[in-house]
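Trainee: Below is the structure I would like to discuss, written out as structure tokens.
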Amino acid sequence: MKMRMGRIGLSEAVCVAAIALSTGGVFGIDPVYAYLGGNSTYISMPLSIIVSLLIMLPVLKLMDATKCRDISELFLKSAGRAGGIMLMFPICAALLICAAKPLMAFAQVLHRMVYDGVKYSSIIVFMFPVAVFMAWKGLETVGRTAKCIAVLPLVALAAAVMSSASGFEIYRLFPLVGDGMKHFALFAVSDTFVFIPPIAGLLICGEALGGNEFIRKAAVRSAFIAFAVCFIAQLAISLSFRSGLLAESVMPLYKIGFLTAKQSFVLRLDKLFIMIWLCGALVSCAYCIYSSSLFFSKMLSQKDVTASVAASSLITCTLLLEIIKVDNAVVEKIRNAISYYGALFLIIPLAAVCLLTVIKKRAGRLEA
Amino acid sequence: MKKRIMEKIMGLIILLIFIVMWLTGCLTPVSLDAYGYVISIGVDRGTEKKYYITLSLQRELSEQGAESDGGAAILAAEADCLDEALNEIEGNVPYSLSFSRTNYFLFSREVAESGDIEDFLSLSFDSLKIRTSAAMIITEGSVFEFVGGLSANNDANIKKLQEAVMLDMEKNGMIAMMSISRLFEANKDGSFDYCAALGRFDESIITDMEEKKTESEGKNPLGNIKLGDRVGGLKSFMSGAAVFSGYRMTETLTRDETMYLNMACGDYKNGTVSIPFFQNGEELGMVTLILSKQHIGRRVIINEDGSIRAEVDIRLAAGTHAKPDEANQTEMEHWINETAVNCIRQKLNDVFIKCRDAGSDAMRFGTEAIKLFRSDAEWKEFDWKSRYGSVEAVFNVELINTDKGTSGDMQ
Amino acid sequence: MEKSKKHIKAFFSFDEEYKEFELLESEHGVPESDGGWRDLPNNSHRRQKHEGEEKVPKRVDDVYNRLSEQFNTDINKDVILRRFRTGSGHNMLVAYMNGMADDKKINEFVLKPLMLYEGKRNAPDELKNDVIEISEADEEKDFYKARMAMMDGIAVLFSDGCKSCLLLETHGYEKRSVEKCENENVVMGPKESFNESFRTNITLIRRIIHTDDLIVESRMSGGENNTRLAIIYRKGMTNEALLEEVKKRLDGISIDVPITSGVIEQLVEDRGLIPVPRTLSTERPDRACSHIMQGSVCLIIEGSPFAVIMPITLFSLMNSPEDVYLRPPLGTILRIVRYIGAAISVLMPGYFLALALYHQGMLTTEVLSTVIASRKMVFEPIAIEMILLLLIFQMIREAGLRVPGSIGQAIGIIGGLIMGQAAVTAHLASSVILIIVAASGLGNFCIPDYSTQVSASYIRMAVVIAAWLGGLLAITAVILFITASLSSTKSFGVPFLAPFAPKTYSKRPFVIRGRIGLHKRAEDYMNTADDRML
């Protein structure tokens, strides 16, 4: 079998999942949607990470109870082959969307603000093959590369935030919780669409992590790291821009250094920071593509993951090239639908699997 | 055999990727010596067209780095917008213009008061790669002269010169320096009004270069300088702040007034004020107080009847400098707690009223008012801009005499 | 159509077993360090084919005829086949290579005693015990092995009527003495280096390692040339799986070229996308011993003044022997400077080029003005100028290596100072780019291992070309690609970036120099016996 999983340690798993969660949270959300009801993202988003973790932990517990090594076994045991495959598709699709969305944001920023007169496709040609290469080489490569680069995006974020701190104003946070608790709660749930897939990825690659105990540790630790990173990043963004300006901006984190009129060398390094963050986005993309491919391969009992990786890469590339077309009405509708209702498409299959597992276990029809 | 086939296929794929990257047209590299770097963009009212646009470029040093090299190259043309001006200017210069180093936007008073700033700034900052961290300067008189005045000494590094001029004033709180992004924010949001630095050009100032010229020509080093002339430095200088209401400039403040404005906004760090000192009813002279910020607290109270009151608590450390010899300590203490405090309070109030009457929330009380609302919709409904004219401000000033270390009472 | 289907299938290799060598972890719950994939044919049968097939002829005349035929003695005058009779009239023959064997030893301790021997016992083992005065004498029944031994400088004694022969240790070829290191100089530490003599190199190792578990397993390399080599390891410490894999890869050698350390490295190491070395070549005995003590396997090859060590990691390549001889803070500073130098060497030219071509806003106005001024009359585009200067730097470096003695040093001065200055004055290059290239070159020399230096040069060129194509975006892509390649690279089953990625149990720092003796499980990614016991 050529599933290219290998074995990765706890620190690598934490790094890759934390990078995927943080990248999704900071760069993967749709700004038009996220800042619609005022500016409470710095609270709702970290909360959303916790909600995602709380959604996935029962799944992990059920994996423990049924002695499943990974989530694909759980799906197969609970819903059978046909049912399992049907329930698998939303998760695979979500993983691929999570792979594409941050790269889309980067491509837009690079196209608009960094490079002159360059097509989106030219930029994607430079970015995407690296992610495909990492996904192709397998989980070990993705995990170890994540470990190598994990510190860099953090340092870049810290440098960007600290150098821009003189432009922060507390009043931009007000009104607190945006347009009320209802919207705030809505965002906390709907944002789980970007956070559940990376955690699910850990469960998909469970065999490589060496046991459910390590999966749990990796999920919890990476969630808390991402909580801190998303909170700091979103807080910095919120302190820099009011919600009206945020809704129009593709990547507000890139522009937080544009507020202060003082000139300094560090403030001019925004292009370098964006490239460092792009490294994280590419690792996250590779991880999502690989996890999706692995899930698909395992559910369909394939013996080689490379074919799925190739197919998933093509799908992701198509998504990248199509989602970027902001003037396409159909694409716009799909993006809005994903932003509003995407989380449901993840929570429902997971809930169904959990329910089926519990029912079967109680009925004694579940083999260990 | 299988491995060799696979290696060949992998090699072909890598070559294909390489070729694809070349064929996608690369990412259009342009060498740095093919650009001219615009340091500032100036806008005057044009005679035949809407604007007269002045661009100040950093000139490169020669290889030997002679002091006489460098400085600013000035390009100017009339146009209805920046794009039109660029089309005109780029046609007869041997380089493309790059705005990645543009740090200042300068508008003449005439353009600022007419509200045409909004029209001019509707250009695409992203496509021109202009950073919205560029600061705005409003000039009394012509921008063209002001820019020329900044380069009068032919300093090699024009960018550093401009920064130094601004930063020096900003340190003492005598100018307001805000980026263009704050202007957009103010107008999008409506919670405050923008405040730009105010510049002035004075033809009568005799610069260092002019002094050196007379000296080098063998004339009397003082040349035509007479007693009372303003000598040294540049012909262009910073002279305060220009306050806005929306995109339109409505009032100017002197340097002193700007200092009080910064104080009320909470941006003040340190500076000096000179206040007459009275002892036993007799004026003994001017005393200079060296002030530094200890605490500035601001809040807005919206009463039930709809009236709005802004309160600013200012606590400053005050050290005396150049006080009269006859002044005794007790009197000095009393003077600080009473006279100086009242003087500062009065000045603050004067500046507030000046801004309010000009329709400008330059003191940014709106940013405190927004904290009282629970949602964005409520704040928008409140419409702060329309109610700002009825705001009353109360300034509670406390000076702590650092010479003695005793504190006065808050009023 | 069928052929292309076959090719596609071969490319994806569906359903095929994943042939990989795993250096398995023994600790519970810790992920295994997986091996690299290498599909080696087992060629040990080729080596064994010749062995055991040829028996030593009984008659000395037959021996003489066969040796004459096989060695072409009518043309090959080096081969000496000396027939003689003992004092009792028994026929014997001693065969050796002129120049490889010490003929004085043969005359004094083999021919003379035998010619004077009047006893009746003529069997080789009996002669060995009573007559021949040579320290090492082994009996051999295999004629092929006897012939191979002859080519190694051993004298072979045949006795009429015996089915075995005696191999007599009579090495006497000219060799270099133990000299100072040329390529791995240190200030504080031993200065000896390996030379081309097999025995001398092994002796140098034995002088440092005094443990009784040190094994020096001699064998032939394989291939047509069949050079003698030694596999050196610590029995009971070195992982047996690693040892077996090394032997298996050596068995797979079947080439015609002379086997040297450089050739062995290429033949046994794992293959990968980027040209970083996966074995360590060192001329220092102390460095080789340090690795052997930790559980590595060391190869000494006859005729090569380098020892080949495996497995290694990136951090082993970046460490210098001097780090250990200094106190921890000083060693740490040296290492940090080295890593910074390596990073500058690889990244600085590309980074500057990216800023100059795509991201001018990131450069300060002063730098912009200076660079523009320095490039005013330079005719070539900045990217070409950068590549050209990097190429010239490499040429000066190569020229300096080849040119002998004191002239070699002068090349550096001429090339660096005079040519550089002249190039700037003649507007062939700009001063800023020249400084960047020089700084990058200096940084390259900070890397202790020569192969890694060359690899870094290639990577630097790739980064420069990437910067030319796409600025910081392309540099990011290339750096990430290289990092991913390094992450997936393995050296004899050990991940190349261990112990950083994957993280291992050992808390021994790999950049900062820890205190000696503080970390017992120093190289636990090799899963030595020590680790298995803990």
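No value in this document is a laboratory result; all are computed from the given coordinates. These numbers were taken from a predicted model, which means no experiment stands behind them. Cβ coordinates were reconstructed from backbone atoms using ideal geometry, including for glycine residues, and neighbour counts include every protein chain displayed.
Trainee: In debye, nearest 20, what is the charge dipole magnitude of chain C about its Cα centre with +1 on Lys and Arg Cβ and -1 on Asp and Glu Cβ, if you could check?
Mentor: 860 debye
Trainee: Is there a simple number for the mean count of other chain Cβ atoms within 10 Å of the Cβ of residues in A:105-117, and what is it? Walk me through the numbers on the way to the answer.
Mentor: Working: counts 0, 1, 1, 0, 1, 5, 1, 4, 5, 9, 10, 10, 4.
The per-residue average across the peptide is 4.
Trainee: Which whole-Hz couplings ³J(HN,Hα) result when phi for each residue of the stretch B:347-354 is put into the Karplus expression 6.51 cos²θ - 1.76 cosθ + 1.60, θ = phi - 60°, listed in order with x for Gly and Pro?
Mentor: Once rounded to whole Hz, the list reads 4, 4, 5, 4, 5, 4, 5, 4.
Trainee: Any idea which of C:L166, C:I433, C:P305 is furthest toward the positive side of the dipole for chain C, if Lys and Arg beta-carbons carry +1 and Asp and Glu beta-carbons -1?
Mentor: Positive-end residue among those listed: C:I433.
Trainee: Turning to a different aspect of this structure: Longer than 30 Å from Cα to Cα, which of C:K105/C:K141; C:K141/C:K247; B:K129/B:K354 are they? Say none if no pair is.
Mentor: Working: C:K105/C:K141 23 Å; C:K141/C:K247 25 Å; B:K129/B:K354 37 Å.
Pairs exceeding 30 Å: B:K129/B:K354.
Trainee: To continue, here is another question. Give me a single rounded figure for A:69-77: the average over its residues of other chain Cβ atoms within 10 Å of their Cβ.
Mentor: For this peptide, the per-residue mean of nearby foreign Cβ atoms is 0.
Trainee: Would you work out which of C:Y339, C:L357, C:V378 lies farthest towards the positive end of the dipole of the stretch C:306-411, given +1 charges on the beta-carbon of Lys and Arg and -1 on that of Asp and Glu, about the Cα centre?
Mentor: C:Y339
Trainee: Based on other C-beta atoms within 10 Å, arrange B:E88, C:E269 from fewest to most. Intermediate values should be presented prior to the final figure.
Mentor: Values: B:E88 16, C:E269 21.
Fewest-to-most Cβ neighbours within 10 Å comes out as B:E88, C:E269.
Trainee: Over 31 Å between C-alpha atoms is what I'm after, so list which of B:K188/B:K235; C:K55/C:K128; A:K147/A:K361; A:K67/C:K248 land there.
Mentor: Values: B:K188/B:K235 36 Å; C:K55/C:K128 20 Å; A:K147/A:K361 38 Å; A:K67/C:K248 39 Å.
With Cα atoms farther than 31 Å apart: B:K188/B:K235; A:K147/A:K361; A:K67/C:K248.
Trainee: Helix-derived [θ] at 222 nm for chain A: sum -39500 (n - 2.57) over DSSP H runs of at least 4, divide by residue count, nearest 500?
Mentor: -25000 deg cm²/dmol
Trainee: Taking the Cβ of C:S135 as the centre, find all other residues whose Cβ is under 14 Å away and add up their charges (Lys, Arg: +1; Asp, Glu: -1).
Mentor: Taking every other residue near C:S135 into account, the sum is -3.
Trainee: Per residue of C:351-359, count partner chain C-beta atoms within 10 Å of its C-beta, then hand back the mean as an integer. Kindly include the intermediate steps, with their values, before the conclusion.
Mentor: Details: counts 1, 0, 2, 4, 3, 5, 7, 10, 10.
Mean partner-chain Cβ count within 10 Å for C:351-359: 5.
Trainee: Under a Cβ-only charge scheme (Lys and Arg +1, Asp and Glu -1), can you give me the dipole magnitude of the stretch C:328-495 about the Cα centre, in debye to the nearest 20?
Mentor: Dipole magnitude for the stretch C:328-495 comes out near 240 debye.
Trainee: Within a 10 angstrom radius of the beta carbon, how do C:Y458, C:Y525 rank from fewest other beta carbons to most? Spell out each step's value before the answer.
Mentor: Numbers: C:Y458 13, C:Y525 24.
Fewest-to-most Cβ neighbours within 10 Å comes out as C:Y458, C:Y525.
Trainee: Compute, for the stretch C:127-239, the length of the dipole vector about the Cα centre, with Cβ point charges of +1 (Lys, Arg) and -1 (Asp, Glu) only. Units Debye, rounded to 20.
Mentor: With Lys and Arg at +1 and Asp and Glu at -1, about 300 debye.
Trainee: Using alpha-carbon positions, what is the distance between the centroids of the stretch C:177-200 and the stretch C:95-127, in Å?
Mentor: Cα centres, the stretch C:177-200 to the stretch C:95-127: 36 Å.
Trainee: Distance between Cα centroids, the stretch A:62-123 to the stretch C:430-500: provide it in whole Å.
Mentor: Centre-to-centre (Cα) distance: 32 Å.
Trainee: Still on this structure: Compare the Cα positions of B:V394, B:Q329, B:A369 along the charge dipole of the stretch B:270-411 (+1 at Cβ of Lys, Arg; -1 at Cβ of Asp, Glu; about the Cα centre) and return the one farthest towards the positive end.
Mentor: Result: B:A369.
Trainee: Quick one: Karplus J couplings for the stretch A:66-73, per residue in order, coefficients 6.51, -1.76, 1.60, θ = phi - 60°, nearest Hz, x for Gly and Pro?
Mentor: Rounded to whole hertz, the list is 9, 6, 8, 7, 8, 5, 5, 5.
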